[in-house]
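Taking it in order: structure first as structure tokens, then the write-up.
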Amino acid sequence: MRVTVIAMVVTGFLAMLGYGGLLAFIRIQAGIQLDNQLTFTARQVATLVRAGHLENPIVLGNPGLIQVQNDRRQVVAASRSLVGLSALRAKAPTGDARLFERVCPGNRCFRAVSMRVAGPDGPLTVYVLAPELGLFPRPGLAVFLALGIPFSIGVTGVWRWWLAARRLRPVELIRAELDEINAADLHRRVSVPPRRDEFFSLVEAVNATLDRLEAAVEQQRRLVSDVSHDLRSPIAGLRAELEAALIDPEGTDLRSALTRTLKNTERLQNIVTELLVLARREAGLPGRTERVDLGELAEREVARRPRRISAKVAAEPGVIARVNDVDVGRVLTNLLDNAARHADSEVIVTVRRDRDVAVVEVFNDGEAIAPEDRERIFERFIRLPASRKRDSGGTGLGLAISRDIADAYGGSLELADDDLGTRFVLTLPLLEEPEA
């Protein structure tokens, strides 16, 4: 509708300009025709004057009011309607040239042409007049052309409405198909038009958005499923311990039952904590960045809490990165906890420079991870069978969160090849500016 209204307004404006131009052209042509008629009549009178056949009144079949004057401004002859009137006060031509002018002897104005003619009794001046043309010299034609303005506006509106509707029909089809897509059938896609035009690009963008939406919904479904599965085990353990204690309070070893209950509670707490961290990362909540000495941070994280196997730190001095120490501290904690759970006897943390990046390596001498599983361990809630069998304290979220944090700071977290065990390599952009 907006396009149609704009087209009609523009057409109306152009039609008015065209109408004004045509009226001006018609008026100019009518003026030229009138001047030609007056000139023709003046030449006929001049012929009569030269032949000495001029009579009063002058009777000619051509249009125009005629008056012939001598050099003393006396009327020698005139057409019937001007007989008895005083001499016309107008400019007299010089030589043989014709003179066109506008004269207004009374309340009306006239177009006049004058010629100087040599007669038998001396030179005479022939004046031929006609009423001046009005604004619309062809009233019928002006009315007909005026009717073309609303007609052209209407035709343009109908044509533009039809064209816009035809052009926007693919958008309606896209909208209709999108309305039919819901959460139950996100696998559906909008039909791609055959022509590679702007609607083809629009459909491709819509389908790409649907791909991302389907992936996000599928990821959410997997997350809910995995969370339900991982929460079920500790909750079931807690319920079993409490039910056993209620059934046989006297025969229950209170310390052993509380220890098992505490272990399940800690696992629940770990899962909830990791989920909160994950939600914060996905919400894009910003963290304050500062200059962090990665060697000092690694030593603090190693000493912060005891683990099954203590880690050794080998750090180069002055390995600085601009990061959030809480975020990178969480990465180191996740890597240290993972290494301590799977190590046989040794965990080593190395902090060093490598050109323009800071490198933090966490090595444990436990069983190496198969190459086909080295990317799977970074997926959410993925715990390999060997890991589940050896230790049940992990949540399956730590490595996924750690990689997200490394990516957020322009770094990376990878599992490197090592025949002696497992080596995680964290890289972050190195900060070279001196401290202010």
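The values are calculated or read from the model by the stated rules, or taken from the named source; none is laboratory data. As the structure is a prediction and not an experimental result, all values here were calculated from the model. Note that we place each Cβ from the backbone using ideal geometry, even for glycine, and neighbour counts take in every protein chain shown. For the accessible areas, the whole protein counts, side chains as well, though only heavy atoms, and no ligand, DNA or RNA atoms are used. Shrake-Rupley method; radii C 1.70, N 1.55, O 1.52, S 1.80 Å.
Sorted on the mean count of surrounding Cβ atoms within 10 Å across their residues, most packed first, peptides 207-217, 335-345 read 335-345, 207-217.
Each of L88, F199, V75 was placed along the dipole of the chain (beta-carbon charges, centred on the mean Cα), and the one lying farthest toward the positive end is V75.
Each of the peptides 259-265, 167-173 was scored by the mean count of other Cβ atoms within 10 Å over its residues; in descending order, highest first, they stand as 259-265, 167-173.
Sequence-distant contacts, meaning Cα pairs under 8 Å at least 6 residues apart, place the relative contact order of the chain at 10 percent. Between the helical axis of 198-247 and the longest alpha-carbon principal axis of the chain there is an angle of about 30 degrees. A prolate overall shape is assigned to the chain, the ratio a/c of its alpha-carbon gyration tensor axes (a ≥ b ≥ c) being 1.5 or greater and a/b exceeding b/c. Starting from the Cα gyration tensor of region 129-256, take the square roots of the eigenvalues, sort them a ≥ b ≥ c, and report rounded, prolate or oblate (rounded when a/c is under 1.5, otherwise prolate if a/b is larger than b/c, else oblate). Note, shape of region 129-256 comes out prolate. A 1.4 Å probe run over the chain, with the rest of the protein chains in place, finds 60 Å² accessible per residue. What a 1.4 Å probe finds exposed on region 1-107 is 59% carbon and sulfur by accessible area, rounded to a whole percent.
Rounded to the nearest 20, the Cβ-based charge dipole of the chain about its Cα centre (Lys and Arg +1, Asp and Glu -1) stands at 4180 debye. Dipole of the chain (Lys/Arg Cβ +1, Asp/Glu Cβ -1, origin at the Cα centre): which of N364, M8, V319 lies farthest to the positive side? Of the options given, the answer is M8.
The local environment of N207, defined by Cβ-Cβ distances under 13 Å, has a net charge of -1 under the rule Lys, Arg +1 and Asp, Glu -1. Whole-Hz Karplus values for region 312-317 come out as 9, 10, 10, 10, 6, x Hz, taken residue by residue from phi with 6.51 cos²θ - 1.76 cosθ + 1.60 and θ = phi - 60°; glycine and proline positions read x.
Cα centroid separation, region 139-153 to region 71-90: 43 Å. What you get for region 31-129, charging only the Cβ of Lys and Arg (+1) and of Asp and Glu (-1), is a dipole of about 260 debye around the Cα centre. Here the sum of -39500 (n - 2.57) over DSSP H runs of 4 or more residues, divided by the residues of the chain, equals -18000 deg cm²/dmol at 222 nm, to the nearest 500. For the pair A215 and D354, a Förster radius of 30 Å applied to the C-beta separation gives a FRET efficiency near 0.30, rounded to the nearest 0.05. Centre-to-centre, using Cα atoms only, region 361-376 and region 302-330 are separated by 20 Å. GNM, the chain, Cα, under 10 Å: largest mean-square fluctuation among R380, R196, R330? Of R380, R196, R330, the Gaussian network model singles out R196 as fluctuating most.
Projecting the Cα atoms of L186, S412, I235 onto the charge dipole of the chain, computed from C-beta unit charges around the Cα centre, puts L186 farthest toward the positive end. In a reduced charge model with +1 at each Lys and Arg Cβ and -1 at each Asp and Glu Cβ, region 111-219 shows a dipole moment near 700 debye about its Cα centre. Relative to the longest principal axis of the Cα atoms of the chain, the long axis of helix 254-282 lies at roughly 20 degrees. Rounded to 0.05, the FRET efficiency of the Q33 and R98 pair, given R0 = 22 Å and the Cβ-Cβ distance, is 0.90.
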